[in-house]
1. Kindly list the residues of segment A:88-105 that lie in the label zone of A:Met1, defined by a backbone N under 19 Å from the point 7 Å along the Cα-to-C-beta vector.
2. Output the 0 to 90 degree angle, nearest 10, between the alpha-carbon long axis of helix A:4-20 and the longest principal axis computed from the alpha carbons of chain A.
3. Which distances, shortest first and in nm, link B:Ala21 to the matching position in the other copies, using label points set 7 Å out along Cα to C-beta?
4. For chains A and B related by rotation, which residue of A has the Cβ nearest the axis, and what is the rounded distance in Å?
5. From the label point of A:Pro2, set 7 Å from Cα along Cα→Cβ, how far away are the matching label points in the other copies, in nm, ordered shortest to longest?
6. Send over a whole-number figure in Å² for the accessible area per residue of chain A, probe 1.4 Å.
7. Would you mind telling me the share, in percent, of accessible area of chain B contributed by carbon and sulfur at probe 1.4 angstrom?
8. State, to one decimal in nm and shortest first, how far the label point of B:Gly71 sits from each corresponding label point in the other identical copies (label point: 7 angstrom along Cα-to-Cβ).
There are 2 protein chains.
Amino acid sequence: MPGPHEMLAVALEQARLGAAAGGVPVGGALFAADGTLLGAGHNRRVQDGDPATHGETAAFRAAGRLPHYAGTTMVTTLSPCFFCAGLIRQFRIPRLVVGEARSFGGQHEWLAEHGVEVTVLDDPECAELMSRFAEEFPDIWIEDIGGPE
Amino acid sequence: MPGPHEMLAVALEQARLGAAAGGVPVGGALFAADGTLLGAGHNRRVQDGDPATHGETAAFRAAGRLPHYAGTTMVTTLSPCFFCAGLIRQFRIPRLVVGEARSFGGQHEWLAEHGVEVTVLDDPECAELMSRFAEEFPDIWIEDIGGPE
């Protein structure tokens, strides 16, 4: 059974792939109750012109159709936005591992309030990837979270 | 400028296309502030084996990359689940037109509480499409909202 750091490594590899392609460097991975990897992916806004593919939605899509999500764990390099948090809540994904929540005020606390077991690892590489991107490409990053406040 | 019923007609046509293909009959459409159609689509769980494509996420993706969503209206044949409601909230889509909220207890009220201007039309054809599908294919419908409670 992989631990949170091993699971994060899969999402982080996805974030690195995204960064290498010039995309928003957020990766996600979905694991089954027994630790099997169900799907992984990364944000594709830049690469595919697809605003609906965040790290978490990419991992969820890659896992394909499942009858339910009991026992699963969603892993993301960055605290989930409301879109991805809504995904986790709607599909009752019971556990969430977050790489970091420094560079973006995501909704992991909202999920915790609604019963999701949340682990925040505060991983320096996740934070470094994300803050470097936000500094280099602020317009893309602001676009990815819905435009300026 | 199209009114709510004219905008719903675009989403409903998408739901009909989904139904004709044996898919979950939920359609969505995103309109710009000036009434221009930005994108439309329907649930593709069955057709593409893609659990991340609901009516609203399909419309959002079809609209492509946008710098912000000021003034836009999301139209959906069915009250949005938390995934789609999270999308609307994250991207600060200010208006939502809902075809019906009878056949599924979606999150349009949660969105209204958070400042979205919500119009529920209670359209009989939207409700009929959805309730017929849920009766004929209960397992697919339950899967589409995250498995049994």
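The values are calculated or read from the model by the stated rules, or taken from the named source; none is laboratory data. Being a predicted model, the structure only gives us computed values, none of them experimental. Counting neighbours? That spans all protein chains shown, and the Cβs are built from the backbone with ideal geometry, glycine included. Ligands, DNA and RNA are excluded from the accessible area calculation, which covers all protein heavy atoms including side chains. Shrake-Rupley method; radii C 1.70, N 1.55, O 1.52, S 1.80 Å.
1. A:93-98
2. Helix A:4-20 and the main axis of chain A meet at about 30 degrees.
3. 2.2
4. A:Gly86, 1
5. Shortest to longest, the spacings are 4.3 nm.
6. 39 Å²
7. Carbon and sulfur atoms account for 53 percent of the accessible area of chain B.
8. 5.2
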